[in-house]
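Reviewing the structure listed below.
The values are calculated or read from the model by the stated rules, or taken from the named source; none is laboratory data. Computed from a prediction, not measured in an experiment: that's the story for all the values here. Quick reminder, even Gly has a Cβ in these numbers, built from the backbone with ideal geometry, and neighbours come from all protein chains shown.
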Amino acid sequence: MRVVGIESSCDETGVAIYDTERGLLAHRLYSQVKLHADYGGVVPELASRDHVRKTLSLLDQALADAELTRTDIDAVAYTMGPGLVGALLVGSCIGRSLAFGLGVPALGVHHMEGHLLAPMLEDDAPEFPFIALLVSGGHTQLVEVRGIGSYQLLGESIDDAAGEAFDKTAKLMGLEYPGGPRLAALAAEGRAGQYRFPRPMTDRPGLDFSFSGLKTFAANTIADSDKSQQALADIAFAFQEAVIDTLVIKARRAIEQTGLKRLVVAGGVSANIALREQLTEFMQRVGGKVYFPRPEFCTDNGAMIAFAGAQRLVAGERQDLAVITKPRWPL
Ligand code: KG4
Ligand code: ZN
């Protein structure tokens, strides 16, 4: 089955074609980063309009890359939620209509299911069951994954997501949107041991996270510093170290609690090199293994939606003709 995947939940338009026998055939991504940069964050209406402009041309490019035409499509999967309602509506309307026009089945996919299955697109794919640490701009969650659709939430952030904390702290440092990767680049120039940030909620039992305090701590630390480039780099280092330590501590608890030895890490923050290194080292230490998507599939993309949709479509799941979006949708 050849499945088209459409992602449009936020500020990336992604289209991909996944073949259940041959694997990923093509994927195209258009990032709206430049469009939103002047506003310091995503402007929902601009995001929706840009998805309208880009989705079908990306589809045609992806089909051309795979040497296919629209009539070769067997099914269409699109992100149905969670995300920005207008942005979701664009991908859902296009996806549902395309499938109707072609007379093929369609399916709405959960964006976070896309993220958590993304490492399965790699050659060294994880087998079920595993623990998933989902770290994106909107979510920070630990999930016990037993199979497609068998997801037990073990813990999540009670306030800001990890990526959101990166973005907000980056803004405090005067870094441009999107701040996460910029803060990570600045942290690479920072020195260890200059500042010490708290590791929120690690002194209590449980697997929930809280990252909003780190942003306040960063604001105070920046205010008390000389705001030189080196001081900001040192603060970025200490902030990132605290986020990573916290994620590693909670991942360790999830591993101990469940006895599972496979850890999947996905979502935008899983592109962070220091996080990848430390989780790899930690899982080696406990005799387990960690799985990441390739860096371009850590952040939003169409390939993960095509893949997640394909798993459910081959099992017979279908969407009826109504175009439904779920801006808030628990996994
Ligand atoms: O998964 P994603 O593309 O979108 C959501 O579903 O939210 O994640 C985007 C988030 C943003 O907060 C971005 O700053 C963060 O991932 N991010 C990073 C890095 N790359 C992206 N955070 C830290 N280090 C990075 N290298
Ligand atoms: Zn995402």
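Quick look at the values:
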| quantity | calculated |
| --- | --- |
| Unmet criterion (only one of (1) surrounded by 24 or more Cβ atoms within 10 Å (Cβ to Cβ); (2) within 14 Å of ligand 2 (Cβ to nearest atom)) for VAL76 | (2) |
| Selected residue (criterion: farthest from GLY101 (Cα to Cα)) from residues of the stretch 282-330 that are touching a Pro at 6+ places or on another chain (Cβ under 6 Å) and surrounded by fewer than 15 Cβ atoms within 10 Å (Cβ to Cβ) | ARG328 |
| Subset tally (residues that are part of a helix (DSSP H, G or I) and either among the β-branched types (Val, Ile, Thr) or under 20 Å from LYS168 (Cα atoms) (or both)) for the stretch 208-260 | 36 |
| Candidates VAL3, VAL104, VAL52, VAL15, filtered to the one that is in contact with an Asp or Glu (Cβ under 9 Å, 6 or more places away or on another chain), surrounded by fewer than 21 Cβ atoms within 10 Å (Cβ to Cβ) and modelled with pLDDT of 95 or more | VAL104 |
| Residue ID - nearest to ligand 1 (Cβ to nearest atom), chosen from residues in the stretch 257-315 that are polar (S, T, N, Q) and over 18 Å from ASP245 (Cβ atoms) | THR299 |
| Residues of the stretch 140-153 satisfying the condition of being surrounded by fewer than 21 Cβ atoms within 10 Å (Cβ to Cβ) and either out of contact with any Asp or Glu (no Cβ under 8 Å at 6 or more places or on another chain) or touching a residue at least 40 places away in the same chain (Cβ under 8 Å) (or both) | GLU144, ARG146, GLY147, ILE148, GLY149, SER150, TYR151, LEU153 |
| Flag for VAL42 being outside any strand (DSSP E or B) and either within 14 Å of ligand 1 (Cβ to nearest atom) or small (Gly, Ala, Ser) (or both) | yes |
| Selection count where residues are among the aliphatic types (A, V, I, L, M) and more than 17 Å from LEU247 (Cα to Cα), scope the stretch 150-179 | 4 |
| Subset tally (residues that are assigned to a helix (DSSP H, G or I), small (Gly, Ala, Ser) and surrounded by fewer than 20 Cβ atoms within 10 Å (Cβ to Cβ)) for the stretch 154-183 | 0 |
| Of all residues in the stretch 122-139 being touching a Phe, Trp or Tyr at 6+ places or on another chain (Cβ under 9 Å) and within 15 Å of ligand 2 (Cβ to nearest atom), the one that is farthest from THR280 (Cα to Cα) | GLY137 |
| Criterion violated by VAL109 - all others in (1) modelled with pLDDT of 95 or more; (2) away from ligand 2 (no atom under 16 Å from the Cβ) satisfied | (2) |
| Selection count where residues are within 23 Å of TYR151 (Cβ to Cβ) and among the aromatic types (Phe, Trp, Tyr), scope the stretch 61-112 | 1 |
| Conditions (1) more than 17 Å from PHE211 (Cβ to Cβ); (2) within 13 Å of ligand 1 (Cβ to nearest atom): number failed by GLU127 | (2) |
| Filter pass, VAL135 being in contact with a strand residue (DSSP E or B) (Cβ under 6 Å, 6 or more places away or on another chain), among the β-branched types (Val, Ile, Thr) and either within 16 Å of ligand 1 (Cβ to nearest atom) or within 28 Å of LYS215 (Cα to Cα) (or both) | no |
| Qualifying position, being assigned to a loop (DSSP other than H, G, I, E, B) and either in contact with a strand residue (DSSP E or B) (Cβ under 9 Å, 6 or more places away or on another chain) or modelled with pLDDT of 95 or more (or both), among LEU35, LEU98, LEU88, LEU68 | LEU68 |
| Selection from the stretch 280-331 of residues that are assigned to a helix (DSSP H, G or I) and farther than 30 Å from PRO181 by Cα | ALA310, GLN311, ARG312, LEU313, VAL314 |
| The stretch 254-291: number of residues that are closer than 30 Å to ARG2 by Cα and either more than 15 Å from ligand 2 (Cβ to nearest atom) or touching an Asp or Glu at 6+ places or on another chain (Cβ under 8 Å) (or both) | 5 |
